[in-house]
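The values are calculated or read from the model by the stated rules, or taken from the named source; none is laboratory data. These numbers were taken from a predicted model, which means no experiment stands behind them. Reconstructed Cβ throughout: ideal geometry from the backbone, glycine too, with neighbour counts over all protein chains shown.
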Amino acid sequence: MIIPRDPHFTADQLAEVQAIVHEFGCTITPIPGQTRSVYAIKGDERHELMINRLEGLSYVSKVETIQSPYKLMDMKSGLAGHRIQIGGKTLAQELFVCAGQCTIDPKNPAFFIETAHAVKEAGADVIRGGVWKPRTSPHAYQGSSEAIHILMRAREETGLPVNTEVMDEDQLRIALDAGVDMIQVGARNALNYSLLKKIGELTRESGTPVLLKRGMHMGPIDEFICAAEYIVANGNPNVMFCPRGTLPNLDGYRNHPDESITPLLKQKSWAPVVVDPSHSVGRAIYVPHAALSAVSYGADGLVIESHVDAKKGIGDDPKQAIHPDVLANLIADAREIYSRARRYSQAYLAQPATV
Ligand code: PEP
Ligand code: MN
């Protein structure tokens, strides 16, 4: 990875750098950050002569070659100081909350609009609403592109950014064209590398934040970090890790709660951790406990399913969604815990990861 001396390379500088790496069979992908860019070298970056020639350029600050499978997501990467902003909030500085319905019901748009206003009132920063749904059964409701208009109406009425899950390139394009502010990759697509690459490419310009859920089958933490690397390596550094419980489930819960991996993720990678307690425990009554536990573990944010009238909802809402009144109390409590938990995470963040 090449770190420029100034915040960004000029077009001429980039062309010169590109010409050098091409000689060694490599290419450059610019990764634009909020205040500065870094330039990933794709290919075998260990050619000593190539590094020497790059470091010899007056406008190059340094060239980092990290022998990690996720050199961009690594704590030692030039992106380590990168901060993600959504709707005026800077992640990893204050608690971030994304809340709303699992699924938008196009037959009952009023519910979603009401939920959107209520979660805003409760203190959420982003409204979530499932337009397209990955369902275990092909006979269950699959979502509908129609619902994107309801999602965008909620954005217009509340002024809050909105989040939705995409499962393929067509859905991604529809969501980005509509102006969705945050994209979610669900647990079932957590290792869909073609989709992850496409998301990185198509959000390179906009830098639309991407919430990457952890795969369902308890894969290794490094596999999770590498999946995020696909998005970043293709141009968008605004990625958040989302532990959401894994299988096999803990008897009685929907999944096996995994918010406890938060400190490990935070020590290995700079990207914020935004935990989903709703899919983890899968029952509304347990969600507040799981959410507060995640914040105690040092999570930077939460994604929570909430609905004004959950029993009339569709998808996961009847069993998982908490009422916005409960959400309001939960957010207030989570903010208190967040500031206390930070004391402890600051201590280990100063040390290199040993796991
Ligand atoms: C969801 O957020 O509604 C969802 C389907 O999540 P997951 O991919 O974690 O199951
Ligand atoms: Mn859901």
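From D170, D105, D125, D177, grab the single residue that is in the same structural domain as Y338 (by TED's automatic domain parsing), within 16 Å of ligand 2 (Cβ to nearest atom) and either at pLDDT 95 or above or surrounded by 23 or more Cβ atoms within 10 Å (Cβ to Cβ) (or both). Show your work before the answer.
Details: D170 fails: within 16 Å of ligand 2 (Cβ to nearest atom); D125 fails: within 16 Å of ligand 2 (Cβ to nearest atom); D177 fails: within 16 Å of ligand 2 (Cβ to nearest atom).
Just one listed residue meets the conditions, D105.
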When region 113-153 is examined, which residues are found to be assigned to a loop (DSSP other than H, G, I, E, B) and among the acidic types (D, E)? D125, E146
I'd like the residue in region 180-213 that is more than 16 Å from ligand 2 (Cβ to nearest atom) and among the β-branched types (V, I, T) and, out of all such residues, is surrounded by the most Cβ atoms within 10 Å (Cβ to Cβ). I199
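To keep it simple, each residue is scored yes or no on (1) more than 14 Å from the chain's Cα centre (by Cα); (2) at pLDDT 95 or above; (3) within 27 Å of V295 (Cα to Cα).
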residue: T158; (1), (2), (3): yes, yes, yes
residue: G186; (1), (2), (3): no, yes, yes
residue: L212; (1), (2), (3): no, yes, yes
residue: H217; (1), (2), (3): yes, no, yes
residue: T246; (1), (2), (3): yes, yes, yes
Anything in region 312-347 that is within 16 Å of ligand 2 (Cβ to nearest atom) and farther than 19 Å from A116 by Cβ? List them, or say none. K319
In region 48-83, what residues are assigned to a loop (DSSP other than H, G, I, E, B), touching a strand residue (DSSP E or B) at 6+ places or on another chain (Cβ under 7 Å) and of a type in the set (V, I, T)? I66
If a residue has to be surrounded by 17 or more Cβ atoms within 10 Å (Cβ to Cβ) and in a strand (DSSP E or B) to count, how many in region 13-29 make the cut? 2
Criterion violated by L327 - all others in (1) within 16 Å of ligand 1 (Cβ to nearest atom); (2) farther than 12 Å from L95 by Cα; (3) in a loop (DSSP other than H, G, I, E, B); (4) among the hydrophobic types (A, V, I, L, M, F, W, C) satisfied: (3)
Among the residues of region 105-130, which ones are out of contact with any strand residue (DSSP E or B) (no Cβ under 7 Å at 6 or more places or on another chain) and among the polar types (S, T, N, Q)? N108
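Would you say L91 is touching a Pro at 6+ places or on another chain (Cβ under 8 Å), more than 30 Å from D333 (Cα to Cα) and in contact (Cβ under 8 Å) with a residue 24 or more places away in the chain?
Numbers: touching a Pro at 6+ places or on another chain (Cβ under 8 Å): yes; more than 30 Å from D333 (Cα to Cα): no; in contact (Cβ under 8 Å) with a residue 24 or more places away in the chain: yes.
No; evaluated as a whole, the condition is false for this residue.
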Contact list, first residue from region 97-124 and more than 18 Å from H149 (Cβ to Cβ), second anywhere and part of a loop (DSSP other than H, G, I, E, B) and more than 14 Å from ligand 1 (Cβ to nearest atom), beta-carbon distance below 6 Å, six or more apart or interchain, is V97/A124; V97/D125; A99/A124; A118/V308; K120/L160
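Tell me the residue from V97, V63, V119 that is closer than 30 Å to P134 by Cα, among the aliphatic types (A, V, I, L, M) and touching an Asp or Glu at 6+ places or on another chain (Cβ under 6 Å), please. First the steps, then the outcome.
Details: V63 fails: closer than 30 Å to P134 by Cα; V119 fails: touching an Asp or Glu at 6+ places or on another chain (Cβ under 6 Å).
The unique qualifying residue is V97.
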Can you name the residue in region 162-190 that is closer than 24 Å to A122 by Cα and touching a Pro at 6+ places or on another chain (Cβ under 9 Å) and is also nearest to ligand 1 (Cβ to nearest atom) among such residues? E165
